[in-house]
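For reference, the structure discussed in these notes is given below.
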Amino acid sequence: MQTLVGGRSRRPRRIAMLSVHTSPLHQPGTGDAGGMNVYIVELAKRLAELNIEVEVFTRAVCSDDAPTVELAPGVLVRHVTAGPYEGLIKEDLPAQLCAFTHGVLRTEAGHRPGHYDLVHSHYWLSGQVGWLAAQRWGVPLVHTMHTMAKVKNAALAEGDSPEPPARVIGETQVVEAADRLIANTAEEAAELALHYAARPDQLAVVHPGVNLDVFRPGDQRGARSRLGLPQDAAVLLFAGRIQPLKAPDVLLRAVAVLLDREPGLRERLVVPIVGGPSGSGLAKPESLHKLAAELGIGDVVRFHPPVGQDRLADWYRAATALVMPSYSESFGLVALEAQACGTPVVAAAVGGLPVAVRDGVTGTLVAGHDPGDWARALKPYATEPGLVRDRGRAAARHAAEFGWGAAAAGTAEVYAGSLGRPAARLTGSRLRLA
Ligand code: UDP
């Protein structure tokens, strides 16, 4: 769908990428830093390789944050002062959007007109800023939701707090203002249409990718000895932000059931939880430790703080299977990463996971969150090395189809499409605002 303008295909030369609430420079796997950070880093680098310069605007959260940091050739991170560096949580940020927008507009005003050809915003908070910036500069707004309040609220973990109505209103406004909406999967595109009245001509599906240089099959023995794991262990790994939405508790409950059913597994079973508390999980950071103790499986569960991606690749290689019992997941990058390392994935059949995982081929998809069902799904991975080997090989082949190069090329096509046909929505919005 490359668009021709005046007979020539047109891509933006330089874009403003907005990531208000979390910086691509932060360590993912805890707090507000997760898949979106990885997505922005990888996408921006690959866009730069396609000669699309990227400037990422993010809120400064530390007095040491330099005003600009070069992330990679052609990718600049700009720290915008909007509110105090410390003490604000994501839920406080709607009150800082005006200050953030001011910082973005002031940066652009320091350049010649036409400095940015396009705005790509990530998550609704950034979409609010992008809405104004794109209109002010007369350029298209491309938006990626990453998660949606209505979708999250429809699948909340028991006792988890729902996203507030103000977020739904903000998301609806962003959908209306955007020229293009990039969805991770066809399912996410359908949700945007169903819940937020996105029009078909706004929607584009671009699967995220996996860094196949970092995440690749490797020596399991070496990985296990580096991580202090026994060579003969059945390792059921959880990796990611620890919050009710990701349901690490379902893994623990399933492990307790599995050990009841198969007591002989106890000596070999290891369940590492790699990541830090996030979101509503921050309120009770010790609750998973307590649960492990209550379930009597404190001896098999090991907690590890978040790690950089090279080390995480070792965790995937060391694992027998990665387990993702999430209640909702817009894609689930860790599923792709583990598979790229040759590790099968046992995942909830929600969100993007049925695209990331091929049921019965590269892993298992589980419907619902019943610990008994999860124990049944996990058992073959703990007891059948042949199945683990076959699915691991298939997983590596499957994940190899999801490079970030393809994601960036798909995104660049969406940009080109929006530049070829920017006017209708912008004019409509301007008229309404006038
Ligand atoms: N991650 C990491 N270190 C960790 C745990 C996770 O770098 O210790 C990264 C992981 O590589 C993945 C991201 O965090 O790219 C999590 O993305 P995912 O889409 O699975 O979940 P999200 O955080 O977006 O909900």
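For the reader, a short list of remarks on this structure follows.
- Selection within the range 330-374: residues that are β-branched (Val, Ile, Thr) and over 18 Å from residue 386 (Cα atoms). The member of this set that is surrounded by the most Cβ atoms within 10 Å (Cβ to Cβ) is 334.
- Among the conditions (1) part of a strand (DSSP E or B); (2) of a type in the set (A, V, I, L, M, F, W, C); (3) farther than 28 Å from residue 143 by Cα, residue 204 misses just one, which is (3).
- Residues in the range 318-334 that are near the ligand (Cβ under 9 Å from one of its atoms) and part of a loop (DSSP other than H, G, I, E, B) were compared, and the one that is farthest from residue 144 (Cα to Cα) is 326.
- Filter result for residue 79 (within 16 Å of the ligand (Cβ to nearest atom) and of a type outside the set (S, T, N, Q)): no
- Selected residue [closer than 20 Å to residue 16 by Cα and of a type outside the set (D, E, K, R)] from 144, 172, 185: 144
- For the residues 233, 247, 178, 223, the requirement of being crowded, with 20+ Cβ neighbours inside 10 Å and closer than 23 Å to residue 385 by Cβ singles out 223.
- Condition broken by residue 21, with the remaining ones in (1) touching a residue at least 24 places away in the same chain (Cβ under 8 Å); (2) away from the ligand (no atom under 16 Å from the Cβ) satisfied: (2)
- Verdict on residue 173 being more than 22 Å from residue 76 (Cα to Cα) and in contact (Cβ under 8 Å) with a residue 24 or more places away in the chain: yes
- For beta carbons closer than 8 Å, sequence separation of 6+ or different chains, a first residue in the range 118-140 that is in the same structural domain as residue 165 (by TED's automatic domain parsing) and in a helix (DSSP H, G or I) and a second that is of a type in the set (Asp, Glu) and crowded, with 24+ Cβ neighbours inside 10 Å, the qualifying pairs are 124/171; 127/171; 134/179.
- Residue match in the range 158-169 (condition: hydroxyl-bearing (Ser, Thr, Tyr), more than 18 Å from residue 36 (Cα to Cα), in contact (Cβ under 8 Å) with a residue 60 or more places away in the chain and part of a loop (DSSP other than H, G, I, E, B)): yes
- The number of residues in the range 119-152 being in contact with a His (Cβ under 9 Å, 6 or more places away or on another chain) and of a type in the set (Lys, Arg) comes to 1.
The values are calculated or read from the model by the stated rules, or taken from the named source; none is laboratory data. Everything quoted here is computed from the prediction, not taken from an experiment. Note: ideal-geometry Cβ built from the backbone for every residue, glycine included; neighbour counts use all protein chains shown.
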